[in-house]
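The values are calculated or read from the model by the stated rules, or taken from the named source; none is laboratory data. From a predicted model like this one, the values you see are computed outputs, not experimental measurements. All Cβ positions, even for glycine, are placed from backbone atoms using ideal geometry, and neighbour counts span all protein chains on display.
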Amino acid sequence: MAGRVVSPTPWQRLPTDLVPALHDRMSELGDAVAGEITVSIGVDDPKVALDVRRGVDAALERFADLVGTDAPALPAGVRETFVDLGAAEAREDRPPETLVSALRASARVMFRVISRALAKVRDPGTEDLVDLSDAVTAYVDELVAATTEGFTLQLREQAGEQDRRRRLLAEMLVRGSAPERAVQAAAEGIGWRRIDAVVPILLPLEQTRQAQFRYRDDAVVLERERDSVLLLRRSRPAARGQLERAMRGRGAVIGVTVDWARVPQAVRLAELTAQLASDRADADDPVFAEDHLATLALRGVQSAFALLSERRLAPFAALRESTRERHLETLHSWLRHWGSRAAVADELRIHPQTVSYRVRQLHELLGDDLDDPDVRFELAVVLADRSRR
C-alpha cells in the first residue's frame, strides 16, 4: 500500500465486475440501509418512510454506477433528495446528529453487504477491503454533507421568517395603534402565549446584536436610524437589579414598564430621559426613565405625569373612595407642612391624635416609601396637581 494517496473518488479503484453482484443484492441492501435510517430518526409516517426508501434506492443505484469510474459522487437529483431529508429533520425540530449517526451506521451496513457481494466475484484481499471501505466512507460523507446542507438551509429560512415576525411585532408595539387582535397574533407568531407588560430599552446600534443574544426569546428589537428599541417582556431578567447589571457600560436608557398598548408613550419618555441624562457624570450606568418622571412631569409631559400618578397612588387604589380621599388629603397636608402634626391638625380641623392615627395608617400603606425623600417629592408633585384639579 506504500505510495498510495487518498483519492477524492476512491470508488474508481473498485473492480467493475462488482456491479452485477451488487445489483443482485440491491434489494437486500436497500432494506437494510432504509431500515437503519428510519429506525434511527424515528420515522412513523408511511409517506416519509417511502420517501426515505426512494432516496436510499437512488443513492445505492448511484453508488453502483460509480464503481470503476472517477465521476463525482452525487448528481443533482440524488443530492437534492438528501438535502430535502436534512431540511425535513430541521422542520421536525430534531437534532442533526440523529440523521448523521443513522447515515454513519448505514455505511457499516453497506460495507458488510457489499463485502459479501464482492466475495461472490473474488476472494477479497486486504487492499480490496480497504478500497471498499474508502469508497463507502467517502460516498456516505457526501450524503452527510448534503443532509447537513439541507438542515442548515432550513434553519436559516426559519430564522429569517422568525426574524421577520419579531420585527413586525416590534414595529406594531413601537408605532402603536395596531388592533389588539393583530398584536396578539403577532406575539403568538413568535411563541409569546400572551403579551403583558413590556420594558422598552434604548440602545446604541452597536449594542443591538449582543442584547438580542442575551434576551433571545424574551425580547424583540426595532432598529432605527440612530438607535434601536429593545422591547423586553416582563420577566425576571426585566427586574431593575438585573437590568442594572446587564446594561452597565452599554449606553442604555431603560424605559418605564407599561402594558403593551402604552409602549409608544414609554419609548417617548425614554427618549426625553436620554436628553436629560446626556451630560451625566457616570456614563457607564444605565439610565432609568422612572427616576426622571417627576422632572418630566414638571416640564409638562403629560404621559410622565400620568405614569407618576399611577405609580404613587397605586397603594390607595383598593380603598373605599371616602377613605382614599381622607388619606390623600392628610398626606398632602402632612407633606406640605413637613410632618408637623399641629399644622396638619389646624389645616384639616381635626384633633392632633387623629393626625397621628392617620399618619400611622399612611405608613402601613406606603411602608418605607414615606421616609424616602425622592418618593415624598413625587407624592407632593402628584398631590399638588390633584388638589389643583
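Mind checking which residues of region 62-73 are in a helix (DSSP H, G or I), surrounded by 15 or more Cβ atoms within 10 Å (Cβ to Cβ) and without any contact (Cβ under 8 Å) to a residue 60 or more places away in the chain?
R62, A64
Does V100 satisfy being in contact with a helix residue (DSSP H, G or I) (Cβ under 6 Å, 6 or more places away or on another chain), farther than 28 Å from G68 by Cβ, β-branched (V, I, T) and surrounded by 15 or more Cβ atoms within 10 Å (Cβ to Cβ)?
yes
Output the residues belonging to region 141-179 that are at pLDDT below 90 and acidic (D, E).
E157, E161, D163, listed by residue number.
Of the residues that make up region 284-300, is at least one more than 30 Å from E223 (Cα to Cα) and assigned by TED's automatic domain parsing to the domain that holds Q242?
yes
Out of all the residues in region 218-243, which are surrounded by fewer than 12 Cβ atoms within 10 Å (Cβ to Cβ) and not basic (K, R)?
Within region 218-243, E225, G241 qualify.
Determine, yes or no, whether A343 is surrounded by 12 or more Cβ atoms within 10 Å (Cβ to Cβ) and in the same structural domain as S228 (by TED's automatic domain parsing).
So A343 fails the test.
State yes or no: is R94 surrounded by fewer than 16 Cβ atoms within 10 Å (Cβ to Cβ), touching a residue at least 24 places away in the same chain (Cβ under 8 Å) and among the basic types (K, R)?
Taking the combined requirement at face value, the residue satisfies it.
State all residues of region 216-240 that are on the phi > 0 side of the Ramachandran plot and among the β-branched types (V, I, T); if no residue qualifies, say none.
Residues satisfying the conditions do not exist here.
Is it the case, given these coordinates, that V56 is under 18 Å from G150 (Cα atoms) and at pLDDT 85 or above?
yes
Just a yes or no: is a residue in region 223-232 outside any helix (DSSP H, G or I) and not assigned by TED's automatic domain parsing to the domain that holds A266?
No, every residue in region 223-232 fails to be outside any helix (DSSP H, G or I) and not assigned by TED's automatic domain parsing to the domain that holds A266.
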